[in-house]
Amino acid sequence: MANTLDSFHTKSALQLSDGSLNYFSLKKLKEDVDRFPFSIKVLLESLLRQEDGSLVTKEDVQKMLAWTPAGNDDVDVPFIPARVVLQDFTGVPCVVDLAAMRDAMRELGGDPSRIDPLVPVDLIIDHSVQTDFHGTCYAQELNERMEMERNLERYSLLKWAQGSFNNLRVVPPGNGIIHQVNLECLATVVATRDGVAFPDSVFGTDSHTTQINGLGVLGWGVGGIEAEAVMLGQPYYMPLPQVVGFKMTGELKAGVTATDMVLTAVQMLRKKGVVGKFVEFYGPGMKNLSLPDRATLANMAPEYGATMGYFPVDEVTVSYLRLTGREGLCELVERYARDQGLFYEDQTPDYSDHLELDLGDVRPSLAGPKRPQDRIELSQMRSEFGHMMDRQGGKRSGRLMRDGDVLIASITSCTNTSNPSVMMAAGLLAKKAVERGLRPNPNVKTSLAPGSRAVTTYLEKAGLLPYLEALGFHVVGYGCLTCIGNSGPAREELAEDIIKNDLTVAAVLSGNRNFEGRISPHVKANYLASPPLVVAYAIAGSVDIDLESEPLGTDPNGEPVHLRDLWPSASELSAAMENVTPEVYRNAYSTVFQGSDLWDKVPAPKGETFAWDPCSTYIRKAPFFDGMCRDVPEPRSISGARVLAVLGDSITTDHISPAGSFPADSVAGQYLMSLGVGEKDFNSYGSRRGNHEVMMRGTFANIRLKNAMAGGREGGFTALQPDGAVMDIFSASREYAERGVPLIVLAGKEYGTGSSRDWAAKGPQLLGVRAVMAESFERIHRSNLVGMGVLPLQFEPGQSAASLGLDGSEEYDVELLEMRPRTPAKVTVRKNGRTTTFEALTRLDTPVEVDYYRNGGILQAVLRKLTA
């Protein structure tokens, strides 16, 4: 972009050993920006560099220069990241949308080739492999073969996209998890383009994109529809954020892992309340955290509710680039960051608020049974589980299992497998356990799913992989697997025992989420833990145990073995860590864009537009642009609406749009069977996101969903109004559609927490939902609702559906009093001949969001702009 900010005198030259690069200097600004948090400085640099009088204006730069710790929800600024990353569960619907936009562009008389990414995009395939096989040396091979068989149509679409779109690269399956590949390979910290150096930044269609914040890279998760707009050259608009400073002091004690530290921080930050805010870490304790420790904490920003959890660049950052084989970047990164005032050297910027953690106070912990912020100290696990079962009427036993038994133990997720220290700790603990003659409980489904091939390489070099395999932790694939619910089937006799006796069995995993119904349909208690604790609980076979005082097993000689007997010492861990070298990472990523022979055999269609197969059950043309006209519709009010669901607090995007498997008697299962698809070929909701017919039927279909209108029945049910007949939500929505009745959803606090999945907004929109009225919204989901033309309405403080006496049997009108950001809407409620009114806040937070809503969604707005 041609820059017109000559009056700011910001251009400077960066002298490097191999030449010089231009950059836009923050230090040459007349305004004092040294007081700014590091993350705010990166946003400011982006505006300086990209100011062109059109997408980014001088006024935008001035708004950013006027930032104060109070932030400002009434002032929005544009941000255009350096690149975009996608995973396949969200990437496939993105590509489907873009392909449908090309068709719509042609139908509107435009040039389809204009629908093309202007920002570099990497799509990493990691979400589709499932744990069908485990506990054997051939598990990975068979899982990957089944993955290819199930997903051939989806992967063929992605090959078409790679050939048809510019600036789009695909990382084939089997190479790792999106955020770990980004952290260990793709990210540059400082990017260069056209002779200009600037901070690397990234948007991802996955909420845990924030893992890259640990490397000093600005970025966070956005909905797929927002990512598509950014890919097409549109800025992302955001209010001026508050930045909470999180000070770290001290260091972790022996026996305490980075995972324990992260779960502690998640609990603190969620209690503090940081939704919609940046969190920035600083303080002397930061130096005592490795880069992977930091990345684990940054990864879980969605769990503590922040937009991101940012660590500024320092010596640890540069050392990590060197460790992961990117030594060629080190000089540029350090010189640029120092010249720009972006290098952390014990500064304390002006933060909006403060929080402090002494790392020495952290204790071994887990989190569960259904929220990441519900931390439990290891010593309290038995008592906490007992209290939970007491509330459910006491503990129960079946023929094969009992309450508290571990059904799943999985070392999984980029959150922890990107951290060599906890992976080596797991391997060392396994070694000692095997040497003492211990084995896991045979009912436990064990698995190892690393986020990159580097992990297995350094475990093999350290001689630890065979010990993990001896305990059943064989590699099942390089992908997300159990962390996202791709845990595969349970043994049939165990599943029958659990269902028959309504048992509360457990999963223990090194993942980042443990929401209801997410990990397995048979597991009610899900606990997040460090990899070594996952191994320990696999051996113990139950979470109804105090591992700090009770033995986790008995050796063949009858001697009790405690966790403290197996825990690796600092010296043992240090010796193992010597196997983590730059060569490990260079070898792992030398072929990251190459696939297996199975991948090479996937067909790669050609053509400017995609040839939709009407018989496909995986890929269907997106209906979002059907009947679209060039003109912007009139402002939209809602009249005669009925309530589809009345939901409680902390409704997750997993509740709204589940990603895992589904049975034959589900609405989606019945649909697929009507098309001749057998139950064994259903795959998962996540893999079917390219087919809106499946996803509509899966919306609000989580087996643990509690809709107050469903008469106490769990799952995707509601009561059709006005007669109150209970039926599945999809069928009810079709009945309302035939009557021409719009729908709304009522909810409590933190509506839409969890994943960035845009289908949690797309699905309700296709069901006919025109508005969601909640006490509060999580950041990404609120944006996704706006992006799909669904109106987010927020109850006034102190009000809720319950306090207003709303039970879902009413009829609603919603009148938009003004088409401006964050203005009241008049809500009229009719029931039994009585009419009441109240006001709710429209959560259209910026003028741009108002425009998106008027257009019926973000993609419709972009398409109209491109055809104008």
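The values are calculated or read from the model by the stated rules, or taken from the named source; none is laboratory data. Since we're looking at a predicted model, the values are computed, not measured. We place every Cβ from the backbone using ideal geometry, glycine too, and count neighbours over all the protein chains shown. These area figures cover heavy atoms from the full protein model, side chains too; ligands, DNA and RNA do not enter into them. Shrake-Rupley method; radii C 1.70, N 1.55, O 1.52, S 1.80 Å.
A few points about this structure:
- Selection status of residue 851, closer than 30 Å to residue 75 by Cα, surrounded by 15 or more Cβ atoms within 10 Å (Cβ to Cβ) and in contact with an Asp or Glu (Cβ under 7 Å, 6 or more places away or on another chain): no
- Failed criterion for residue 726 (all others in (1) farther than 14 Å from residue 662 by Cα; (2) open to solvent by 20 Å² or more (accessible area, probe 1.4 Å); (3) part of a helix (DSSP H, G or I) hold): (3)
- Candidates 642, 713: the one that is under 21 Å from residue 515 (Cβ atoms) and either over 25 Å from the mean Cα position of the chain (by Cα) or at pLDDT below 95 (or both) is 713.
- Every listed requirement among (1) among the charged types (D, E, K, R); (2) open to solvent by 50 Å² or more (accessible area, probe 1.4 Å); (3) at pLDDT 95 or above is met by residue 59 save one, (3).
- Where a residue in the stretch 567-581 is within 17 Å of residue 433 (Cα to Cα) and its partner, wherever it lies, is part of a helix (DSSP H, G or I) and open to solvent by 60 Å² or more (accessible area, probe 1.4 Å), with Cβ under 9 Å and at least six apart: 568/431
- Here 677, 745, 726 are screened, and the one residue that is modelled with pLDDT of 95 or more and out of contact with any helix residue (DSSP H, G or I) (no Cβ under 8 Å at 6 or more places or on another chain) is 677.
- Members of the stretch 677-723 that are open to solvent by 40 Å² or more (accessible area, probe 1.4 Å) and free of Cβ contacts under 8 Å to residues at least 24 places away in the same chain: 679, 680, 711, 712, 713, 714, 717, 723
- Residues being closer than 29 Å to residue 684 by Cβ and either part of a loop (DSSP other than H, G, I, E, B) or open to solvent by 30 Å² or more (accessible area, probe 1.4 Å) (or both) - total across the stretch 632-648: 2
- Residue within the stretch 459-468 that is touching a Phe, Trp or Tyr at 6+ places or on another chain (Cβ under 7 Å), under 25 Å from residue 180 (Cβ atoms) and either crowded, with 23+ Cβ neighbours inside 10 Å or among the hydroxyl-bearing types (Ser, Thr, Tyr) (or both) present: no
- Counting the residues of the stretch 232-289 that are touching a Leu at 6+ places or on another chain (Cβ under 6 Å), of a type outside the set (A, V, I, L, M), open to solvent by 10 Å² or more (accessible area, probe 1.4 Å) and under 30 Å from residue 566 (Cα atoms) gives 2.
- Residue count for the stretch 560-579 under the criterion of being in a loop (DSSP other than H, G, I, E, B) and surrounded by 12 or more Cβ atoms within 10 Å (Cβ to Cβ): the result is 4.
- Subset of the stretch 812-848 (residues that are open to solvent by 80 Å² or more (accessible area, probe 1.4 Å) and under 30 Å from residue 77 (Cβ atoms)): 817, 818, 820, 839
- The residues of the stretch 747-773 that are in contact (Cβ under 8 Å) with a residue 60 or more places away in the chain and part of a strand (DSSP E or B), listed by number, are 751, 753, 769, 770, 771, 773.
- Filter pass, residue 479 being among the small types (Gly, Ala, Ser) and open to solvent by 10 Å² or more (accessible area, probe 1.4 Å): no
- All conditions but one from (1) closer than 19 Å to residue 689 by Cα; (2) open to solvent by 10 Å² or more (accessible area, probe 1.4 Å) apply to residue 65; the one that does not is (1).
- Looking across the stretch 592-631, the residues that are open to solvent by 40 Å² or more (accessible area, probe 1.4 Å), touching an Asp or Glu at 6+ places or on another chain (Cβ under 8 Å) and part of a loop (DSSP other than H, G, I, E, B) come down to 596, 613, 620, 621.
- Considering the conditions (1) open to solvent by less than 10 Å² (accessible area, probe 1.4 Å); (2) at negative phi, residue 216 is excluded by exactly one of them, (2).
- Complete set of residues in the stretch 766-811 that are under 14 Å from residue 752 (Cβ atoms), open to solvent by 20 Å² or more (accessible area, probe 1.4 Å) and of a type in the set (Asp, Glu): 775
- For residue 319: the one exception among (1) in contact (Cβ under 8 Å) with a residue 40 or more places away in the chain; (2) under 22 Å from residue 424 (Cβ atoms); (3) out of contact with any helix residue (DSSP H, G or I) (no Cβ under 7 Å at 6 or more places or on another chain): (1)
- Residue selected from the stretch 1-54 under the condition acidic (Asp, Glu) and under 14 Å from residue 67 (Cα atoms), by the criterion modelled with the highest pLDDT: 45
- Count - residues of the stretch 148-164 that are open to solvent by less than 10 Å² (accessible area, probe 1.4 Å) and either of a type outside the set (Lys, Arg) or not in a helix (DSSP H, G or I) (or both): 6
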